[in-house]
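A short worksheet on the structure shown next.
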C-alpha cells in the first residue's frame, strides 16, 4: 500500500468526510510523526508500536570509491518497535 | 520532551483539518488500523516522505531459557521492520545530532 492508496482507503472508511480531508489528515499525521522524531521526541501508539531515536557513535569509515579514510560523526537514526497487537497480527496465524 | 500519542494526533486533526473531535479520534484510529491490516495481509506499506513498513520471515532458530539453560527452539515467525525514508533520516540528522539521546 502506498501513501495515495492509504488516503483512498481512509476516504472510503470515512464516507462522511471530503476526500481532501483524508488527504490532509494523512499529511498532518505523517508530518507530525516526522517533526516529533526530528526534534528528538518519542512516539507511542498503543497496539501499533513506538518510534524513538537510536544513537550511532562516531566511526572511522572509508570512501568506497577512493578508499580514503573518513571520520563519520555520531548521529541518531529513527527506530520502530512493533507493539503487541501488531506483532501478533502479522505473525503466522497457526500459533 | 513528552511522548506523542494518539490523543495529540487527534487534537491536531481537530485544529488543522477541522474534523470534529469524534471524527478526529476515529481518523487516527483508522490510520493505524489500515496500516496494521495491510501488514497482516502480508502487504508492504510505503509512505513516501516518512518510510516503509516491511515484513520479514524469520526461520526457526535454537534458543535457550535464560533462567534454566534449557534448550528450546524459537519458532519461525514473521516480523515487521520499519525503514525510514531518506528525508526522515536527514531531518533527524540535521535537527538532532551531537545532542543527548531522547
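Just to check your reading of the model, which residue among A:37, A:10 is at the interface with chain B (Cβ under 7 Å from one of its Cβ atoms) and within 15 Å of residue B:35 (Cα to Cα)? Exactly one residue qualifies, and that residue is A:10.
This table checks each residue for (1) more than 26 Å from residue B:91 (Cα to Cα); (2) part of a helix (DSSP H, G or I); (3) at the interface with chain A (Cβ under 7 Å from one of its Cβ atoms).
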| site | (1), (2), (3) |
| --- | --- |
| B:25 | yes, yes, no |
| B:43 | yes, no, yes |
| B:53 | no, no, no |
| B:57 | yes, no, no |
| B:62 | yes, no, no |
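Residue check: residue B:2 meets all listed conditions (1) surrounded by 12 or more Cβ atoms within 10 Å (Cβ to Cβ); (2) within 8 Å of chain A (Cβ to nearest Cβ) but one, namely (1). Return yes when residue A:42 is at pLDDT 95 or above and in contact with a helix residue (DSSP H, G or I) (Cβ under 9 Å, 6 or more places away or on another chain) and no when it is not. Judged against the criteria, residue A:42 is a match.
The values are calculated or read from the model by the stated rules, or taken from the named source; none is laboratory data. Please read all numbers here as calculations on a predicted model, not as lab measurements. Methodologically, a virtual Cβ is constructed for each residue, glycine included, from the backbone with ideal geometry; neighbour enumeration extends over all protein chains shown.
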